[in-house]
1. Is it fair to say D90 is open to solvent by 80 Å² or more (accessible area, probe 1.4 Å) and either of a type outside the set (G, A, S) or within 15 Å of K34 (Cβ to Cβ) (or both)?
2. What do you reckon, is K14 over 15 Å from F143 (Cβ atoms) and either surrounded by 15 or more Cβ atoms within 10 Å (Cβ to Cβ) or at pLDDT 90 or above (or both)?
3. For segment 28-83, how many residues are over 24 Å from the mean Cα position of the chain (by Cα) and among the polar types (S, T, N, Q)?
4. Please work out which one of (1) farther than 17 Å from A208 by Cα; (2) modelled with pLDDT of 90 or more is the condition N157 fails and give its number.
5. Tell me, please, whether a residue that is modelled with pLDDT under 65, surrounded by 18 or more Cβ atoms within 10 Å (Cβ to Cβ) and over 29 Å from the mean Cα position of the chain (by Cα) can be found in segment 501-508.
6. Counting just the residues of segment 138-178 that are polar (S, T, N, Q) and surrounded by fewer than 20 Cβ atoms within 10 Å (Cβ to Cβ), which one comes out farthest from K8 (Cα to Cα)?
7. Pick from segment 302-345 the residues that are surrounded by fewer than 13 Cβ atoms within 10 Å (Cβ to Cβ) and touching a strand residue (DSSP E or B) at 6+ places or on another chain (Cβ under 7 Å): which of them is nearest to E413 (Cα to Cα)?
8. Here are I592, I609, I598: which of them is farther than 29 Å from A478 by Cβ, in contact with a helix residue (DSSP H, G or I) (Cβ under 9 Å, 6 or more places away or on another chain), open to solvent by 10 Å² or more (accessible area, probe 1.4 Å) and among the hydrophobic types (A, V, I, L, M, F, W, C)?
Amino acid sequence: MAAGIREKQRVALKRMLNFNVPPVKNSTGEPVWKVLIYDRFGQDIISPLLSVKELRDMGITLHLLLHSDRDAIPDVPAVYFVMPTEENIDRMCQDLRNQLYESYYLNFISAISRSKLEDIANAALGANAVTQVAKVFDQYLNFITLEDDMFVLCNQNKELVSYRAINRPDITDTEMETIMDTIVDSLFCFFVTLGAIPIIRCSRGTAAEMVAVKLDKKLRENLRDARNSLFTGDTLGAGQFSFQRPLLVLVDRNIDLATPLHHTWTYQALVHDVLDFHLNRVNLEESTGAESSPAGARPKKKNKKSYDLTVSDKFWQKHKGSPFPEVAESVQQELESYRAQEDEVKRLKSIMGIEGEDEGAISMLSDNTAKLTSAVSSLPELLEKKRLIDLHTNVATAVLEHIKSRKLDVYFEYEEKIMSKSTLDKSLLDMISDPDAGTPEDKMRLFLIYYISSAQAPSEIDLEQYKKALTDAGCNLAPLSYIKQWKAFTKMASAPTSYGNTTPKPLGLLSRVMNTGSQFVMEGVKNLVLKQQNLPVTRILDNLMEMKSNPETDDYRYFDPKMLRGSESSVPRNKNPFQEAIVFVVGGGNYIEYQNLIDYIKGKQGKHILYGCSELFNATQFIKQLSQLGQK
């Protein structure tokens, strides 16, 4: 896993766009111009990995959705990147019949079945286009990589494998099989791209166990079929520095329902929680000044802006896991250092008497030229720096507005206390009935965390009181009824999860810390410092990766797809700790857990970790699923 999964998937996509031949580094010739046709799945996979500029450099002039109205471009090759579904294949056959393009390179995101291949062949025959179908490939890329160490299975169509879909009380066996097959197919693609066969551990009696059994079977069958195995010499050893195989830990969302509801305090998780953030792009509504519109005029429409928070954004990479006050301070520092550089350029200009736009004067002056040249050559860098500062100023300001208007710092601190079972300085009822603190949804989240974390469920009388307070605050109680059933059910299965026993330390209010010239008016927002504590998912990983004995994970099942006979034992064969692990949450994940795992692994020398989930949701989306489950 030395080369991250993100890089491997990028390389695979670039090869595909180059007609499935590895791109040559030093070729000076123009690329072959071509059209890229994808479906929604393909779009989601490509968009976090390749920018439009990169696509253009690879010769992609047009990128279109398969099911949009497309004009014929008879002298251009087309690269297709789609899922092998019925409707996609019908549409491809239609393209062949209409002779839209010069040649067709068909790439399937996931393996295509024999019968569907035959459908395409028949259509090609019927359209006399057999010679034009140049290549057909299975790409095994059915997953979306968001970070070097994070992937999700679906984005636009995530209700297929959502928490709600898996936990519906009225789900049939066949529906459940379909969901599990979808998840397994994606995980299989993930391991083909990674080029490694994992050792699988999972909890018993959960959806995660069903995934493990199916994945084990699928990997096993592929390894047995020596002629067509996807894990042969050339892919397997490539770029893998360790002979050790990775550990795959499959966890079920139900082991910890509190974390997805938790208010958070680190930058990336906050952006995901309070703003519209998916596939590494954040969409902001910019409020235009109200005073500019004359009386009686319609209020101005809010401008929508979207920003990409990518791997190349150094500030984001450095601070996405930092507590929010730290981020605000860093933005301020960046801004000051940028202004100093900008002043330097201005100073040089004025010395040389070219304050005006008369650039012709430059050539006549020889003295300060060297200085100016260096200043000018650093301009692109300065501009890029300015762009990132503006971006993070806007994003951080938007987050800050939410923190202040909803008192998110208070919620975060209070929930941390509940989850770590420390004494509460304010009663829960007061928090719920305080009209200034948070939205009804914030209150519901707080109460659900309290309900999930408490060892004894509150008595009926107390519960009625809470319910009344929640209803008065405008909350929808549907999620609670689901959590009640869930808690009754898990009580039979296991004890409540503990969250470690540390609380964040407030460092006094921020108004003293921040200098007055700062753009971020942080008065009244607590400057909370996080203490590293492992969430349940991280604890489970720690036990399994380090081979620690712990009642929580001792009965986890053990699968090794490489063993000839699948032995039904939970006893691990090798006793050595693992160097690499993949944690996969069946039923949805979040940035809080991701960040927690990253912080955990920082302290471990030479170890790597990947976090994956069937879908990525924030608390709002999760509450919505819970209330749908509670309404039944």
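1. When the stated conditions are applied, D90 passes them.
2. For K14, the condition - over 15 Å from F143 (Cβ atoms) and either surrounded by 15 or more Cβ atoms within 10 Å (Cβ to Cβ) or at pLDDT 90 or above (or both) - is met.
3. Residues that pass the stated criteria total 3.
4. Of (1) farther than 17 Å from A208 by Cα; (2) modelled with pLDDT of 90 or more, only one is false for N157: (2).
5. no
6. Within segment 138-178, the match that is farthest from K8 (Cα to Cα) is T172.
7. Ranking the candidates gives S306 first.
8. Selected residue: I609, the only one of I592, I609, I598 that is farther than 29 Å from A478 by Cβ, in contact with a helix residue (DSSP H, G or I) (Cβ under 9 Å, 6 or more places away or on another chain), open to solvent by 10 Å² or more (accessible area, probe 1.4 Å) and among the hydrophobic types (A, V, I, L, M, F, W, C).
The values are calculated or read from the model by the stated rules, or taken from the named source; none is laboratory data. Just so we're clear, the structure is a prediction, and the values are computed from it rather than from any experiment. Neighbour counts are summed over all protein chains in view; Cβ atoms, including those assigned to glycine, are modelled from backbone coordinates with ideal geometry. Areas reflect the complete protein model, heavy atoms only, side chains present, ligands, DNA and RNA absent. Shrake-Rupley method; radii C 1.70, N 1.55, O 1.52, S 1.80 Å.
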